[in-house]
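A quick write-up on the structure given underneath.
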Amino acid sequence: RPLRTLPAATEDQTMPILVVNTNVDLGSSDQKNALMTELSQAVAQALGKPQSYVAIQVIDKQAMMWGGSTDPCALCQVSSLGSINQSKNSAVSKKIAALFGNAPLGIPPNRIYIEFRDVPAANLGYDGATFAG
C-alpha cells in the first residue's frame with residue numbers, strides 16, 4: 001500500500017518526546033505510569049502542547065555514573081518539532097527538576113542533564129510518513 005501523506009505540521013500540532021534514563025529503581029509499573037503521567041503533563045504545559053501529543057519513555061535501573069559517583073542521577077532528551085527555545089526549555093527544566101526531586105527518584109537538580117532537540121519535520125516519522133508531508 002502506498003505511504004500516507006501527512007499534512008505539514010504546524011508548531012502547535014507536533015509531538016514532543018521525552019526520554020529519561022536514570023539509575024534509580026522506579027518501582028512497580030503503577031509507580032512508573034504515575035511518574036510518566038506527571039512528566040507528560042509537565043512537558044505539555046511547559047511547551048504549550050496538548051498532552052495527547054506527548055510521548056514519554058522512562059528507562060530506570062541503568063548503570064550510570066555522574067562525577068565519579070553512582071548516586072541518583074538522570075540523563076534526559078526532549079525532542080520536538082518547534083517549541084524548543086530558551087524560555088520553554090527553562091520551563092521544562094524547572095518542572096523536571098521539581099518532579100525528580102520527589103520520591104521515588106530523589107534526584108537533585110544538579111545531577112540531571114536535559115538535552116533539547118529541535119527536530120526538522122522531515123526527520124520525524126509518524127503513521128508511515130513524516131511531518132514534512
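The values are calculated or read from the model by the stated rules, or taken from the named source; none is laboratory data. Owing to the predicted nature of the structure, the values given are computational and were not obtained by experimental measurement. Methodologically, a virtual Cβ is constructed for each residue, glycine included, from the backbone with ideal geometry; neighbour enumeration extends over all protein chains shown. These area figures cover heavy atoms from the full protein model, side chains too; ligands, DNA and RNA do not enter into them. Shrake-Rupley method; radii C 1.70, N 1.55, O 1.52, S 1.80 Å.
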For this session: Have a look at ASP60, ASP118 and point out the one that is open to solvent by less than 40 Å² (accessible area, probe 1.4 Å) and in contact with a Ser or Thr (Cβ under 9 Å, 6 or more places away or on another chain).
Result: ASP60
For this session: Taking ALA97 as meeting all but one of (1) buried (at least 17 other Cβ atoms within 10 Å of the Cβ); (2) under 17 Å from PRO16 (Cα atoms), write down the number of the exception.
Result: (2)
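So that you can scan it fast, the table gives a plain yes or no per residue for (1) assigned to a loop (DSSP other than H, G, I, E, B); (2) at pLDDT 95 or above; (3) within 11 Å of the chain's Cα centre (by Cα); (4) not charged (D, E, K, R):
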position: SER40; (1), (2), (3), (4): no, yes, yes, yes
position: LYS49; (1), (2), (3), (4): yes, no, no, no
position: GLN62; (1), (2), (3), (4): yes, yes, no, yes
position: PRO72; (1), (2), (3), (4): yes, yes, no, yes
position: SER79; (1), (2), (3), (4): no, yes, yes, yes
position: SER83; (1), (2), (3), (4): yes, no, no, yes
position: SER90; (1), (2), (3), (4): no, yes, no, yes
position: ALA97; (1), (2), (3), (4): no, yes, no, yes
position: ALA103; (1), (2), (3), (4): yes, no, no, yes
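Which ones in the range 74-99 are aliphatic (A, V, I, L, M) and within 18 Å of GLU38 (Cβ to Cβ)?
Just the residues of the range 74-99 that are aliphatic (A, V, I, L, M), to begin with: 74-75, 78, 81, 84, 91-92, 96-99.
Hits for the range 74-99 are ALA74, VAL78, ALA91, VAL92, ILE96, ALA97, ALA98, LEU99.
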